1. What are the pairs with Cβ atoms under 8 angstrom where one residue, in the range 122-139, is touching a residue at least 24 places away in the same chain (Cβ under 8 Å) and the other, located anywhere, is in a loop (DSSP other than H, G, I, E, B) and among the hydrophobic types (A, V, I, L, M, F, W, C)? Sequence gap at least six, or different chains.
2. What pairs can you find where one residue is in the range 192-212 and within 13 Å of ligand 2 (Cβ to nearest atom), the other is modelled with pLDDT under 95, and their Cβ atoms are less than 7 Å apart, with a gap of 6+ or different chains?
3. Just name the residue that is surrounded by the fewest Cβ atoms within 10 Å (Cβ to Cβ) out of those in the range 111-149 that are within 15 Å of T193 (Cα to Cα) and aliphatic (A, V, I, L, M).
4. Need at least 2 residues that are under 20 Å from W97 (Cα atoms), under 16 Å from the mean Cα position of the chain (by Cα) and within 16 Å of ligand 1 (Cβ to nearest atom) per element, so show me which strands (runs of 3 or more DSSP E) inside the range 139-204 make the cut, counting only ones lying wholly within it.
5. May I ask you to say which residue of V78, V66 is crowded, with 21+ Cβ neighbours inside 10 Å, closer than 20 Å to L212 by Cα and among the β-branched types (V, I, T)?
6. Output the residues belonging to the range 135-170 that are aliphatic (A, V, I, L, M) and within 16 Å of ligand 2 (Cβ to nearest atom).
7. So C102 passes all but one of these: (1) within 25 Å of R247 (Cα to Cα); (2) more than 13 Å from the chain's Cα centre (by Cα); (3) hydrophobic (A, V, I, L, M, F, W, C); (4) in a strand (DSSP E or B). Which condition number does it fail?
8. What number of residues in the range 214-245 are outside any strand (DSSP E or B) and either touching a Pro at 6+ places or on another chain (Cβ under 8 Å) or free of Cβ contacts under 8 Å to residues at least 24 places away in the same chain (or both)?
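The values are calculated or read from the model by the stated rules, or taken from the named source; none is laboratory data. Keep in mind that what you see is a predicted model, and the values were worked out from it rather than measured. Here the Cβ positions follow ideal geometry from the backbone for every residue, glycine too, while neighbour counts run over all protein chains shown.
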Amino acid sequence: TGDHWGYGIEDGPSVWHKTYPIAQGNRQSPIDIVPHQASCDPSLGPIVLNYDHCTSMNIANNGHSVIVEFDDTDDRVVIQGGPLDNPYKLKQFHFHWGGKGCHGSEHTVAGNSYASELHLVHWNAVKYGTFEEAATAPDGLAVLGIFLETGDDHRWLNMITDALYMVKFKGSVTDFEGFNPMCLLPSSLDYWTYLGSLTTPPLYESVVWIILREPIMVSEKQLSKFRMLLLTEEEEDQRIHMENNFRPPQPLNGRKVLNLCV
Ligand SMILES: O=C1NC(=O)[C@@H](c2ccccc2)S1
Ligand SMILES: [Zn+2]
């Protein structure tokens, strides 16, 4: 069993619906965000991030992305405000990226995609007992999406890209403590928000999406290190590089994209 899905021709987003029918649901992610069609909602406040005490534990290659996991037994590391009725606890963050020179973000903005997209995944521990339970509930998860644009080197992203060689193979994991993702945020927390889903199988429609408008700058050299990661395990002969691990935009189906009123 396990997940036999991927991003290739045989196992990619265009065939996920065969195993995960919800792929054709009415609140799927990602979407194309059209800024001038977003409505401002006066009841929306600013996003508040309390990442001060966050304790990253490890960095891993799960065969789909590279993931930094956090100790979520501590309920101090949260995102709240904005569209959220409760504080949501940080569980992990990971990235989606393209191939050389291609774009790799999941969400697009007026049809334009970015080089990569960072997802900080949080869960509603006030209402649900475990992450897994929250992941199946309509208000269970809050994912903060941050676009990565190619430009100058990102000083703090080096801490992650320098660790990638240690998790080259699918299934590898290594200690990665003391990393605080506050250093990956852009200067503005201005955001768009809408109700959507996981962007990978099982594609549960359980995500309140919060996408920051301002991208962070990373260098082509830093991005190229993500593409050095492999989809294949150490013992396998074949070596397939991890790239283009993004799902394309899905139908909006009448959903409203909201933003902060300026
Ligand atoms: O934003 C998302 N990105 C992903 O890879 C999806 C996911 C799936 C399972 C757990 C956490 C995240 S949902
Ligand atoms: Zn993601």
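1. Partner pairs satisfying both residue conditions: W123/A135; N124/A137; K127/A137; A134/A125; A135/L198.
2. Here the result reads P201/D3, each pair linking the range 192-212 to a residue that is modelled with pLDDT under 95.
3. Per the stated criteria, the residue is V121.
4. 141-150
5. Unique residue meeting the criteria: V78.
6. Answer for the range 135-170, where residues must be aliphatic (A, V, I, L, M) and within 16 Å of ligand 2 (Cβ to nearest atom): A135, L141, A142, V143, L144, I146, L148, I160.
7. (4)
8. So the count comes out to 8.
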